[in-house]
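Have a look at the structure below, then the notes.
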Amino acid sequence: MTKKAYDIAVIGAGPGGYVASIIAAQKGMSVVNIEEKATLGGTCLNVGCIPSKSLLHASEQYENNVCKSRNSDWGIDVKKIDLNIEKMMNKKTEIIGELTSGIDFLFKKNKISRLIGKAKIKKDNQIEISLAKKIETLSAKKIIIATGSKPSVIKNIEIDENRILSSTGALELKKVPKKMVIVGAGVIGLEMGTIWRRLGSEVEIIEFQSGILNGMDLEITDKFKKILEKQGLKFRLNTSVINARVTGKSVDLELKKNDEKKTEVLKCNKVLVATGRIPNTESLGLKEIGVKLDKNGFISVSEKFETSKKDIYAIGDVINGPMLAHKAEEDARALIEMINGESGHIDYNLVPNIIYTSPEVASIGLNEEQIQKSEIDYNKGIFPFMANSRAKAIGHTDGFVKILSDKKTDRILGAHIIGHEAGTIIHELCFAMGFGASSEDVSRICHGHPTVNEAIKEAALATYSNPIHS
């Protein structure tokens, strides 16, 4: 049975999908949102950003208290600390519930129709939805695909969410594994490794590439790796995982150095496969209706998020660009503004990337290697948190601020930070770059004392007045 036509049909209720739905409804459009899962919020709220950050916070609090030497320096004598994993997981689930309920409230407030089921796009902008007990069909003037991404898989490794885990399973463990091996030294692998290392696991990370956080500024990643190793994480770089075999209560991983023929076996209790994510576009019927995908499975879109089929759009993780929740949100806002005749716009160079470990890592714009490849003459300024008064006062002196600017104009090209609250203070530089500021502009703004943001001021001052590289 075909129902009434909507102005907008959004497939997916993650950060891209629910934001697009809400903004479209607020602008007076009739909106239906189709989501396969019963809860709103997508991967980010349910099995990604929010639960991982909850556990990162909880594990950091635990480690801060259990580390007697860290507290005794401040005159705090900690007698006994107990870890209750069940309560920690329950608190995480409670937070998720509160946030997803908030989105549900906004859907109701803005009169957004909501359907729980699998969507398949047919010709003439018809959508077939497989619901719990029936199949319904609706039509929409415009369709937005916002189905997000899913964990990528490795050949010969089968994820069972028991011994061999995806990030979803790693967020639901009932007890601390004695040894956890993580395959992949990207953001997910490092954040998850940090959580379970703090809670008591021996954590070893296997990475195919020669360094961690592939694609980020090398000076930052080299320093960050040393910090993580000092904290207790172990790394095997330039290493491939050939296969994984579950044997009773353990897993045998067969490994091979990329430049060698011989293999070795590494035993552990749990394996987390964190080798990235891939666009979630299966079962949407895209090939049948002629929506083009690129060689990596991403939906090809124009600058206005239009697919190869008229009135069908795509945003978020299913298209190229940073696979980040806040990028998907900005895609959604820009697209709905365009559809509404406004001047929506998003610059992916101004999307910050943040890793919520301790210390945090944050970056925006170009890294030094990209600038060198572009053959742009540039200046570089660095200021260490070891020399920052606030960082000294609170005992968070690891890391530094790095600013890169165009040598001719002094316009900031990129900024990279390792340090306490890096994910918060990076936004000062996001704002500066958004308005085309120079490093001198940033250095001449009065910063409160003592704050960690003063490290940004000092790095900016070093960039234009005493650059390391020119």
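Based on the Cβ-Cβ distance from Thr247 to Asn296, what FRET efficiency comes out when R0 is 35 Å, to the nearest 0.05? Spell out each step's value before the answer.
On the way: r = 35 Å, r/R0 = 0.99.
For R0 = 35 Å, the calculated efficiency reads 0.50.
In deg cm²/dmol, rounded to 500, what helix-only [θ] at 222 nm does the chain give when every DSSP H run of at least 4 residues adds -39500 (n - 2.57) and the total is split over its residues?
Details: 15 runs with 157 residues, N = 470.
My calculation for the chain gives -10000 deg cm²/dmol from helical runs alone.
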| message | Which lysines, if any, have their Cα less than 22 Å from the Cα of Lys407, not counting same-chain residues under 8 positions apart? | response | Lys373, Lys380, Lys457
| request: Taking Cβ-Cβ under 4.7 Å as the only way to count a partner, pick out the unpartnered cysteines of the chain. | output: Cys67, Cys268, Cys430, Cys446
| message | Just to be sure I understand the rule: take each whole DSSP H helix in the chain, project its Cα atoms onto its long axis, keep it if the span is 15 Å or more and its mean Kyte-Doolittle hydropathy is at least 0.0. Which ones pass? | response | 15-26, 187-198, 422-434, 454-465
| remark: Put in order of increasing Cβ neighbours within 10 Å, starting from the fewest, His396, His345 give His345, His396
| query | At 37 °C and 0.692 mPa s, what whole-number value in µm²/s does Stokes-Einstein give for the translational diffusion of region 302-418, with Rh from the Kirkwood sum over Cα pairs? | reply | 196 µm²/s
| Under 16 Å from the Cα of Lys80, which lysines turn up, not counting those fewer than eight places away in the same chain? | Lys68
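Highest mean first, how do 93-104, 14-25 rank when packing is the count of other Cβ atoms within 10 Å averaged over residues?
On the way: 93-104: 15.3, 14-25: 27.3.
The peptides rank, most packed first, as 14-25, 93-104.
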| Gain upon complete extension [Ala387, Asp82; 0.36 nm per residue less C-alpha separation] | 106.2 nm
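What do you get when you divide the Cα radius of gyration of the chain by 2.2 N^0.38 Å, with N the number of residues?
Numbers: Rg = 23.8 Å, N = 470, 2.2 N^0.38 = 22.8 Å.
Normalised Rg, Cα atoms only: 1.04.
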| remark: Going fewest to most other Cβ atoms within 10 Å around each Cβ, Thr451, Thr194, Thr247 line up as Thr247, Thr451, Thr194
| task | Rounded to whole Å and ordered largest first, report the semi-axes of the equivalent ellipsoid of region 164-275 derived from its Cα gyration tensor (root of 5λ). | result | 21, 18, 11
| Given Lys53/Lys230; Lys257/Lys327; Lys179/Lys225; Lys37/Lys108; Lys133/Lys310; Lys87/Lys230, which pairs have Cα atoms separated by over 25 Å? | Lys257/Lys327; Lys133/Lys310; Lys87/Lys230
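Trypsin sites (Lys or Arg not before Pro) within region 92-188: which are DSSP loop residues with at most 15 other Cβ atoms inside 10 Å?
Numbers: sites: Lys92, Lys108, Lys109, Lys111, Arg114, Lys118, Lys120, Lys122, Lys123, Lys133, Lys134, Lys141, Lys142, Lys155, Arg163, Lys174, Lys175, Lys178, Lys179; in loops: Lys111, Lys122, Lys133, Lys134, Lys155, Arg163, Lys174, Lys175, Lys178.
In loop regions of region 92-188 (DSSP not H, G, I, E or B), the sparsely surrounded trypsin sites (Lys or Arg not before Pro) are Lys111, Lys122, Lys133, Lys134, Lys155, Lys174, Lys175, Lys178.
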| field | Whichever lysines have a C-alpha closer than 18 Å to that of Lys226, once near sequence neighbours (fewer than 8 apart) are set aside | value | Lys234, Lys402
| said: Give me the one-decimal nm value for the distance between modelled label points at Asp406 and Ser374, 7 Å along each residue's Cα-to-Cβ direction. | reply: 0.9 nm
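Readers should treat all values here as calculations from the given coordinates under stated rules, not as data from a laboratory. Remember, it's a predicted structure, so these values are computed and weren't measured experimentally. Don't worry about glycine lacking a Cβ; one is built from the backbone with ideal geometry, like all the others, and counts go over all protein chains shown.
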